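Okay, structure first, notes after.
Each value in this text was obtained by applying a stated rule to the coordinates, not by laboratory testing. Because the structure is predicted, anything quoted here is derived from the model rather than measured. Quick reminder, even Gly has a Cβ in these numbers, built from the backbone with ideal geometry, and neighbours come from all protein chains shown.
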Amino acid sequence: MRLVRPHLLLLLLAACAMPKAGAAPVAPVERAWAVPTLELYQAWWTKTEECSGLRGDMSQVTFYAVDSPSGAISLGTEVAHGWWMRKGNRIYLPANALGEEWLVRHEMLHALLQRGSHPPEKFVKACHLASLKTWRDSSLTADPLNPVGR
Ligand SMILES: [Zn+2]
């Protein structure tokens, strides 16, 4: 099941990662709490392993819900719908988007890659998880909002 909701924050980065542990903020400014992973997340993790050809242990990742009714999570000076942080292998998602498959799996793919960039061969061509646009249109070979995969 995929929860569909309007995406009003089109100017935001859809989802991203904070790879530089040294300079990175510690956590989002909004209130956040750790959430247990359910069978659904294990299924999504496995799907993401399969599309990417990568293997990883999801129990090493901690998922956090963030109190963000607007869907925007601030990390330092940046705002996105979701975040993966290398330090602590943490994923932050808006509490009301925990069931949004593309967003959750986008952050899972960062965790599997252990990198904050978006190589198009994984994020677009293999898994279609770069953005909502690439999720909805699997024929895309580049993310229109991030064509070089920064
Ligand atoms: Zn990202």
For 145, 129, ascending order of other Cβ atoms within 10 Å (fewest first) is 145, 129
Two-site label geometry, residue 67 and residue 117: point separation in nm, points 7 Å out along Cα→Cβ | 3.8 nm
Going fewest to most other Cβ atoms within 10 Å around each Cβ, 148, 104 line up as 148, 104
Distance in nm between pseudo-label sites at residue 55 and residue 89 (7 Å out along the Cβ direction from Cα) | 1.5 nm
Linear extension gain, residue 31 paired with residue 43, 0.36 nm per residue minus alpha-carbon span | 1.6 nm
Likely footprinting exposure, 63, 123, fewest C-beta neighbours within 10 Å first | 63, 123
By how many nm would the segment from residue 141 to residue 125 grow when fully extended, if each residue of separation counts as 0.36 nm and the alpha-carbon distance is taken off?
-> 5.2 nm
Provide, in order from the shortest bin, the percent of all Cα-Cα pairs of the chain in each 10 Å bin, continuing until the bin that contains the maximum pair distance.
-> 12, 47, 37, 5
Charge dipole (debye, nearest 20) of the stretch 85-137; +1 at Cβ of Lys and Arg, -1 at Cβ of Asp and Glu | 240 debye
Can you list the residues, at least 5 places off or on another chain, whose amide H is less than 5 Å from the amide H of residue 35, using H built in the peptide plane?
-> 63, 64, 65
Which cysteines does the chain leave without a neighbouring Cys Cβ under 4.7 Å?
-> 16
For the chain, calculated [θ]222 nm from helices alone, where every DSSP H run of n ≥ 4 adds -39500 (n - 2.57) = -6500 deg cm²/dmol
Please state the charge dipole magnitude for the chain, taken about the Cα centre, from unit charges on C-beta atoms (+1 on K and R, -1 on D and E), reported in debye and rounded to the nearest 20.
-> 260 debye
With the contact rule set at Cα under 8 Å and sequence spacing of 6 or more, what percent relative contact order holds for the chain?
-> 26 percent
